[in-house]
Amino acid sequence: MISEELKELIRPPILVQKILWFVIIGSILFYIGFVYIFVGGNKALTTSITSTIELLIYVLAGIAMLGSIFYYRYALSDKYLKRFLSKDVDIELLAKNPRTKEIDTSKLAQLNSLSAAELKIYSLMFELQKITILTLILNELIVIFGSAISFINDDVSKIVPFGIVSLFLSFWMFPKPQSLIKRVLSL
């Protein structure tokens, strides 16, 4: 089990991950609503983009989808996690204030009270933030490409499959730090 000290230290990065997740979900829903209002609301949009560019957008959306899935699975694989956990943890780097770049002595004292395994779990929360941010950005790109297809075709229904895929992937990739911590402790 993990200590109360570690729980207190990892609470902020976990909260940031969940807030970012909700922001991305909100932006996906915004894009869908925006396209619905401007394209589905019978406001004629004139554009002269060739079918080659439309095909390129479909390909880019597919690449974003596959990239998100493969990166998520790779970054949370046992092999990647073992390699990450085998690295030394720089306590001073973790104790630095992100704005001032100075070491926060109270945070350094908290970190020094943790076991080596707990320090690795704490540093893993920042890695999980990176994974969450990158995958959610790729997921959001899918709906952005869907918006472009909707505008090109002046058809609000074109965004729907992109929105569904984007939302599905984002819900699937909801940050689950507690289950990741349990997995890491069993590795």
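Checking the structure you have, find out if any residue of segment 150-160 is among the acidic types (Asp, Glu), at pLDDT 90 or above and either buried (at least 18 other Cβ atoms within 10 Å of the Cβ) or not in a helix (DSSP H, G or I) (or both). No, segment 150-160 contains no residue that is among the acidic types (Asp, Glu), at pLDDT 90 or above and either buried (at least 18 other Cβ atoms within 10 Å of the Cβ) or not in a helix (DSSP H, G or I) (or both).
The one condition from (1) at pLDDT below 90; (2) closer than 24 Å to Phe22 by Cα; (3) charged (D, E, K, R) that Arg99 does not meet is (2).
Do you know which of the residues in segment 3-16 that are among the aliphatic types (A, V, I, L, M) and surrounded by 18 or more Cβ atoms within 10 Å (Cβ to Cβ) is nearest to Phe174 (Cα to Cα)?
Of segment 3-16, the ones among the aliphatic types (A, V, I, L, M) are 6, 9-10, 14-16.
Filter once more, keeping what is surrounded by 18 or more Cβ atoms within 10 Å (Cβ to Cβ): 6, 9-10, 14.
On the way: Leu6: 22, Leu9: 20, Ile10: 17, Ile14: 11 Å.
Out of the qualifying residues, it is Ile14.
I'd like to check something: does segment 128-149 contain any residue that is surrounded by fewer than 21 Cβ atoms within 10 Å (Cβ to Cβ) and without any contact (Cβ under 8 Å) to a residue 60 or more places away in the chain? Within segment 128-149, one or more residues are surrounded by fewer than 21 Cβ atoms within 10 Å (Cβ to Cβ) and without any contact (Cβ under 8 Å) to a residue 60 or more places away in the chain.
The values are calculated or read from the model by the stated rules, or taken from the named source; none is laboratory data. The structure presented is a predicted model; accordingly, all values stated were derived computationally and were not measured. Backbone-built Cβ (ideal geometry, glycine too); neighbour counts: all protein chains shown.
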